[in-house]
Amino acid sequence: EPLERLAQDAHVTVLGIIHVNKADSADVLNTIMGSRAFTAVARVVLATLQNPNDPSEMVLGQAKCNVGAAARTSLPYVILEKHVGHAPDGRDITAPVIEWRGTSQKSIHEWQQEATAKARGASVAARSHLLEDVQWLSDFLEAQPNWTAQCADISLEASKRQISDKRLRNAARELKVVIKRTLTVPSTTEWTLTVPAGVGPGATTPGVPF
């Protein structure tokens, strides 16, 4: 508010740049880092976000306007690299440039709602995969002597079921799998199951240990 009064007294415009938080919100103004008070005191708020249908493209739009009509459209753009000259040693000098891609009939609020819905859908799908992966890994390790198997063998069997290494690691973390290197030559990595999925007092999540 003091900065706003200063701008009024000096007849200048103050441009503030702030990041967004990780809140899962369909309201653009609720994603502003720190506090919604930042957008409350501003007369105009512009927001930019990634196109949920094309990660290479960004969208700029008006999230708030107290000095005119609210914008019903937005401006898609991409950031490109452009050659702008040569350094004294002959090296190329490049700079980022914005290439505007016309006008979108969606407002920035509609883009945010679409992005949030897509993220929530991806989160639900990821959780579903995690539960399936945890159960598979638990069953696989339970069938091994001492509930232990070589990492390479686990990865091979997982790949046959189209379970990526990332998903496999997430399942191991959820199950509290013990991972250690052997003292053999050559050394290998072993995964040991401590508690099967769904086992343990009050186990409502996979792999809750005793």
**Prompt:** What angle, in degrees between 0 and 90 and rounded to the nearest 10, separates the Cα long axis of helix 165-175 from the longest principal axis of the Cα atoms of the chain?
**Reply:** 70
**Charge dipole of the range 96-137 about the Cα centre (unit charges at C-beta), most positive-ward option of Trp111, Trp136, Ala122** = Trp111
**Prompt:** Given a cut-off of 18 Å, what percent of all Cα-Cα pairs of the range 87-162 lie beyond it?
**Reply:** 69
**Request:** State to the nearest 20 debye the size of the charge dipole of the range 16-67 about its Cα centre, where the only charges are +1 on K and R beta carbons and -1 on D and E beta carbons.
**Result:** 300
**Request:** Under 12 Å from the Cβ of Ser56, count the other residues' Cβ atoms, weight Lys and Arg +1, Asp and Glu -1, and hand me the total.
**Result:** -2
**Message:** Quick check: the distance between the Cα centres of the range 160-174 and the range 70-104, to the nearest angstrom?
**Reply:** 39
**Prompt:** How big is the chain on each of its three principal axes, counting only the C-alpha atoms and giving the largest first in Å?
**Reply:** 77, 56, 35
**Under 25 Å from Lys118, Cα to Cα: lysines that are on another chain or at least 8 residues apart** = Lys22, Lys64, Lys106, Lys166
**Request:** State the answer as a single residue: which of Thr184, Thr148, Ser164 lies farthest towards the positive end of the charge dipole of the range 140-192, with beta carbon charges of +1 for Lys and Arg and -1 for Asp and Glu, about the Cα centre.
**Result:** Ser164
**Item:** Amide H contacts of Ile32 (H built 1.01 Å from N, under 5 Å, at least 5 apart or other chain)
**Value:** Asn21
**Prompt:** Classify the range 1-124: rounded, prolate or oblate, from the alpha-carbon gyration tensor (a ≥ b ≥ c, eigenvalue square roots; a/c under 1.5 rounded; otherwise prolate if a/b is larger than b/c)?
**Reply:** oblate
**Item:** Local net charge near His83, Cβ-Cβ under 14 Å (Lys/Arg +1, Asp/Glu -1)
**Value:** 0
**Item:** Charge dipole magnitude, Cβ of K and R +1, D and E -1 - the chain, Cα centre, debye nearest 20
**Value:** 220
**Item:** Estimated 222 nm signal from helices in the chain, with DSSP H stretches of n ≥ 4 weighted -39500 (n - 2.57), rounded to 500
**Value:** -10500 deg cm²/dmol
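We did not get these values from a lab; they are worked out from the coordinates using the rules stated. Source: prediction; values computed, not measured. Reconstructed Cβ throughout: ideal geometry from the backbone, glycine too, with neighbour counts over all protein chains shown.
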